[in-house]
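Scroll down for the structure; my scribbles are underneath it.
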Amino acid sequence: MTAATPLFTAADLRARIGASPDGPGRSPAGEAEPEWGDHRLNPDLVAEMLKAETREAAVLVPVVERAGEATVILTTRTRSLRKHSGQIAFPGGAIDPEDTSPEAAAMREAMEEVALEPRFVEPVARLPRYLTTTGFHITPVVAIVTPGFALKPNPGEVEDVFEVPLSFLMDAANHRQESREFAGLVRHYFTMPFGERFIWGVTAGILRTLYERYYA
């Protein structure tokens, strides 16, 4: 890597997406898109996942086009929430009937959660759907975000919003596999500790998907 050709820029990510055999993250015609999710590290959970009521969701993976090196916007969920309180997450949520696409849902949620205006957001790819044990089928929408935005967390959903260098998140040396027991079952998952912030679970799994698809 040289100063003239930094690897972890928005332009480089855009080029990697363009050079991918699947283009912007959609499979070629006639081929099934492999799905990712909790079951990849936990094959014994597939039966439990099949029992759960399914719901489509979308998250925005916002890559900010900073000078020199790109960053990724992440949030910390408000601790008073009933589910996943205090966890680090992408902006996103369930796809509503009025949403015209996963991209529309992800950008709507980003506006509602952190006031990221759609005019700064350019969706450039979809990652494979990420399946969770709770029944959510999440479409991660990778987007290039132009600087100039002003973020404001919605206190009902988001405690904090911050940025992490893309170079850190796309470095496999920072990806750990850990496990713990949930409801009598041992669950395996990725973690990416960043200073005092602990990125894990679905968020780390989606980042790992981005890494394996475009950077590995």
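The values are calculated or read from the model by the stated rules, or taken from the named source; none is laboratory data. Just so we're clear, the structure is a prediction, and the values are computed from it rather than from any experiment. Glycine also receives a Cβ, built like all others from the backbone with ideal geometry; neighbour counts cover every protein chain displayed.
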Considering only residues that are at pLDDT 95 or above and either of a type in the set (A, V, I, L, M, F, W, C) or out of contact with any helix residue (DSSP H, G or I) (no Cβ under 8 Å at 6 or more places or on another chain) (or both), look in the stretch 58-67 and name the one that is farthest from residue 161 (Cα to Cα). 58
Being at pLDDT below 95, under 17 Å from the mean Cα position of the chain (by Cα) and in a helix (DSSP H, G or I), is that true of even one residue in the stretch 23-38? yes
Every pair of residues 6+ apart whose Cβ atoms lie under 7 Å, when the first sits in the stretch 95-120 and is within 21 Å of residue 161 (Cα to Cα) while the second is charged (D, E, K, R) and surrounded by fewer than 23 Cβ atoms within 10 Å (Cβ to Cβ): 105/96; 105/99; 108/99; 111/117; 113/157; 114/152; 115/152
Taking only the stretch 130-142 into account, find how many residues are in contact with a Ser or Thr (Cβ under 9 Å, 6 or more places away or on another chain) and farther than 17 Å from residue 214 by Cβ. 5
Conditions: (1) in contact with a strand residue (DSSP E or B) (Cβ under 6 Å, 6 or more places away or on another chain); (2) under 16 Å from residue 143 (Cα atoms); (3) buried (at least 18 other Cβ atoms within 10 Å of the Cβ). Residue 204 meets all but one. Number of the miss? (2)
Could you tell me which residue of the stretch 112-130 is surrounded by the most Cβ atoms within 10 Å (Cβ to Cβ), considering only residues that are part of a helix (DSSP H, G or I) and over 16 Å from the mean Cα position of the chain (by Cα)? 120
Qualifying residues in the stretch 146-183 (those that are closer than 15 Å to residue 69 by Cβ and in contact (Cβ under 8 Å) with a residue 60 or more places away in the chain) - the one surrounded by the fewest Cβ atoms within 10 Å (Cβ to Cβ): 147
Among residues of the stretch 87-105, those that are over 15 Å from residue 158 (Cα atoms) and of a type in the set (A, V, I, L, M), counted: 4
Give the residue that is modelled with the lowest pLDDT, with candidates limited to residues of the stretch 94-114 that are among the small types (Gly, Ala, Ser) and closer than 20 Å to residue 203 by Cβ. 94
